[in-house]
Amino acid sequence: MPKGGKKGGHKGRMRTYTSPEEIDAQMKAEKERKKNEEEEGAAVNDNQSEDKLTASGSEDSDDEGSHKKKGVEGLIEIENPNRAAQKSKKVTDIELEGPRQLSRREREEIEKQKAKERYMKMHLAGKTDQAKADLARLAIIRKQREDAARKKEEERKAKEAVQVAAAATKGLHTLSLK
């Protein structure tokens, strides 16, 4: 494909193509570079394995397999919790029957529900201030209703007595006229 993409570039610019000879030269250079890197890597690995063999007899080697820290990095110990690789768990290692740790929100929600249940039990038993106030208010209302019912009954009896007396006097008047 020509350099400059599918749509090309500016008006009238000449497109340049890479010749097959240039591509072959680039590929050979890339292969040689990789080969040199592999040889250098193998030589370094051989040197490291020889160093480990000689150092395995002495106990003063602290750096086995770790790189030397540069600059301030060696002085300050920093642990980044986000940098640690997440370890995947096997299905057999997961504990289903064990106590599951709840999140803070879940724990607070459960505590809130339990507190509400305790309050309702105490409220129904009449031990809370609100329940005592409710019971006192209900007693006052019950007393007022009883007084009102008694008064209404007395008024009804008085009214009946007046009607009976009126009927009796009316009956006397009718007898005397005859």
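What follows is calculated from the coordinates using simple rules that are stated; it is not laboratory data. Because the structure is a prediction, the values reported are computed rather than measured. Because the Cβ atoms are built from the backbone with ideal geometry, glycine has one as well, and the counts that use them run over all protein chains shown.
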Highest average packing first - 118-130, 84-96, Cβ atoms within 10 Å: 118-130, 84-96
Tell me, what ³J(HN,Hα) does each residue in the range 132-139 have, in order and in whole Hz, if you take phi through Karplus 6.51 cos²θ - 1.76 cosθ + 1.60 with θ = phi - 60° and put x for Gly and Pro? 4, 5, 4, 5, 5, 5, 5, 5
Tally Lys/Arg at +1 and Asp/Glu at -1 over every other residue whose Cβ is under 15 Å from the Cβ of E106; what's the total? +3
